[in-house]
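> This is the structure I have questions about; it appears just below.
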Amino acid sequence: MIGSADMQAGGAAGAGGGRTVAVLGPGGVGGLFAGVLARAGHRVICLAGEETATALRKDGLAVRSDTFGEFTVAVEADTVLREAVDACVVAPKETALVAALDRVPREALGAGLVVPLLNGFEHVSVLRERYPAEQVVPGTIRIESTRVAPGQIVHSSPFAAVDLASRTVPAERVAALGALLSGAGLTVRVRDGGDEDAILWEKLSFLAPMALLTTRYAVPVGGLRTDHHDEVVAVMEEYASVAAALGATIDVAAMLRLLDGARDTMRTSMQRDAEAGRPLELDAIGGAMLREADRRGLPTPVTARLVAELTAAAGDGAGGAS
Ligand SMILES: NC(=O)c1ccc[n+]([C@@H]2O[C@H](COP(=O)([O-])OP(=O)(O)OC[C@H]3O[C@@H](n4cnc5c(N)ncnc54)[C@H](OP(=O)(O)O)[C@@H]3O)[C@@H](O)[C@H]2O)c1
C-alpha cells in the first residue's frame with residue numbers, strides 16, 4: 001500500500017520511490033519519526049524554529065535507540081512548509097500547537113495527510129477546522145523518546161507503537177499511511193475509522209492518571225503503586241466513564257495490570273516538564289477531559305481536584321510538584 005496513488009496524492013515522491021513527509025515539531029516523537037523515515041529512504045522535511053532548522057540542516061538528525069540503533073541521517077529542514085507533501089506528522093507539545101501550525105499553511109499542504117501524534121483529543125478538532133477533514137488521521141504513540149538537543153533524539157523505551165484511526169479519511173489512505181510507517185520500523189495498528197475516539201481515549205485513560213499523579217505528588221510510578229493506588233483507580237475510572245459516554249470502552253483492570261508492569265523508577269513527561277519549569281500539557285490531558293465530562297454531566301471529582309492543585313502549583317511557579 002505504500003505505493004498507492006493515494007499516498008502520492010499530496011506531493012512529489014522522494015528519491016528512490018520514497019514518499020515526502022513533513023514533520024512539524026522534530027522533538028522526542030517527531031524527531032524519531034523523521035529519523036526512521038529518512039533512514040528508510042523517504043524524503044523528510046522537518047519544520048521547526050530557525051535554531052532547530054539550522055542545526056538539522058547542518059548536522060542531520062541523530063537517533064540513539066536500543067530498538068532502531070544509533071544513526072545519523074540527513075533531513076531537510078525549514079521554518080515553513082513550502083510545497084505539497086504526502087503526509088505531515090504533527091508532533092509539537094499541545095502548548096505550542098497553534099503557533100506551530102502557522103508553519104503548515106493550508107494551501108501548501110496540498111492533499112497530504114495530517115497526522116497528529118499529540119496526547120489528548122481536542123487537537124483533532126483544531127486540525128479539522130484548519131485543514132480538510134478528509135486529510136486528518138489521528139494517531140497515538142506509546143513510546144519514551146526525548147529530544148536532548150536540537151536534532152538529537154534518545155529513544156529509551158523498548159517499544160514505539162502507533163495506533164491510527166480516522167473517521168474522516170478513506171480507509172485505504174489510512175492503511176497506506178500505516179504501511180509507510182511500519183515500513184520504517186515502527187509498530188503500527190490501523191484501526192477502523194469508528195475507533196477514532198477509542199484510540200485517543202485508551203491512550204489518555206492510561207496516561208492521564210500517571211501524568212497527573214506523578215506530577216502532583218512528585219513521585220515515580222512505583223510511588224503511585226505504593227501510596228496513591230486508590231487515586232489511580234479513581235482517576236482511571238473517571239476517564240473511562242467519559243470515554244464510555246463517547247462510545248469507547250476502557251478496560252480499567254487491564255490498565256491497572258499495565259501499571260503493575262511499569263518500572264518503579266519510571267517518570268512521566270509531564271513530571272519531567274514540571275521539574276524543568278517547562279509548560280505542562282495539563283489542559284490537553286486534564287482540562288479537556290473535565291470539559292467533556294461537564295458537557296455530559298458526568299462527575300469527575302478526583303481529576304478536577306488534581307487539575308486544580310496542579311494549576312495552582314504551576315501558577316505559583318512550583319512546577320506542579322508539592
Ligand atoms: N516524548 C514522548 O516519549 C511522548 C510519548 C507519547 C506521546 N507524546 C506526546 O507527543 C507530543 C510531542 O511530545 P514530545 O515529547 O515529542 O515533545 P518535545 O520533545 O518537546 O518536541 C516538541 C518539538 O516541537 C518543537 N516546537 C515547539 N514549538 C514549535 C513551533 N512553534 N514550531 C515548530 N516546532 C515547534 C520543538 O522544537 P525545538 O526542538 O526547537 O524546541 C520540539 O522539537 C506531546 O503531545 C506528547 O504528550 C510524547
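Here, each number is a calculation from the coordinates, and none is a lab measurement. It should be emphasised that the depicted structure is a prediction, and the values quoted were computed from it without experimental measurement. All Cβ positions, glycine included, derive from the backbone under ideal geometry; neighbour counts span all protein chains shown.
> Using θ = phi - 60° and the Karplus curve 6.51 cos²θ - 1.76 cosθ + 1.60, what whole-Hz ³J(HN,Hα) does each residue of segment 20-35 get, with Gly and Pro shown as x?
Rounded to whole hertz, the list is 9, 10, 8, 10, 8, x, x, x, x, 7, x, x, 5, 4, 4, x.
> If each residue of separation counts as 0.36 nm, what is the full-extension length gain between Lys58 and Thr249 once their alpha-carbon separation is subtracted? Provide the component values of the computation, followed by the final result.
Details: separation 191, 0.36 × 191 = 68.76 nm, distance 4.69 nm.
Extra length from Lys58 to Thr249 when fully extended: 64.1 nm.
> Using a Förster radius of 30 Å, what is the FRET efficiency between Asp192 and Glu309 based on their Cβ-Cβ separation? Nearest 0.05, please.
For R0 = 30 Å, the calculated efficiency reads 0.20.
> List the relative contact order of segment 5-191 as a percent without decimals, with contacts defined as Cα pairs under 8 Å and 6+ residues apart.
For segment 5-191, the relative contact order is 24 percent.
> Using a Förster distance of 22 angstrom, determine the FRET efficiency expected from the C-beta separation of Asp260 and Arg142, and round it to 0.05. Show your work: numbers first, answer last.
On the way: r = 16 Å, r/R0 = 0.75.
Once the sixth-power term is evaluated, E becomes 0.85.
> Take peptides 298-310, 89-101 and line them up by average Cβ neighbours within 10 Å, highest first, as a rough protection proxy.
The peptides rank, most packed first, as 89-101, 298-310.
> Another question about this same structure. Using modelled amide H (1.01 Å from N, peptide plane; none on Pro or chain starts), what sits under 5 Å from the amide H of Lys93, excluding residues fewer than 5 places away?
The list, which skips near neighbours in sequence, is empty: none.
> Got a sec to turn the phi values of segment 151-167 into Karplus ³J(HN,Hα) couplings, 6.51 cos²θ - 1.76 cosθ + 1.60 with θ = phi - 60°, whole Hz, x for Gly and Pro?
Values, residue by residue: x, 10, 10, 10, 9, 10, 8, x, 9, 8, 10, 10, 10, 10, 7, 9, 7 Hz.
> Angle, helix 50-59 long axis vs. longest principal axis of the chain, Cα atoms, 0 to 90°, nearest 10?
60
> Only Cα pairs under 8 Å and at least 6 apart count here; give the relative contact order of the chain as a rounded whole percent.
15
> While we're looking at this one, here's another question. From the backbone phi of segment 254-268, what are the Karplus-calculated ³J(HN,Hα) couplings (6.51 cos²θ - 1.76 cosθ + 1.60, θ = phi - 60°) in whole Hz, Gly and Pro given as x?
Working through the residues one at a time gives 5, 5, 5, 5, 4, 4, 4, x, 6, 4, 4, 8, 4, 10, 9 Hz.
> Non-local amide H neighbours of Arg189 (under 5 Å, H modeled in plane, Pro and chain starts lacking H): which ones?
Distant-sequence amide H within range of Arg189: Val162, Asp163, Leu164.
> Another question, if that's okay. Considering only Met289, Met236, Met266, give the residue with the highest GNM mean-square fluctuation for the chain, with springs between Cα atoms whenever their separation is below 10 Å.
Between Met289, Met236, Met266, it is Met266 that shows the largest mean-square fluctuation.
> Obtain the nm distance between the two label points defined at Arg128 and Arg296 by a simple spin-label model: each point lies 7 Å from its Cα along the Cα-to-C-beta direction.
With each label placed 7 Å out from Cα toward Cβ, I get 1.6 nm.
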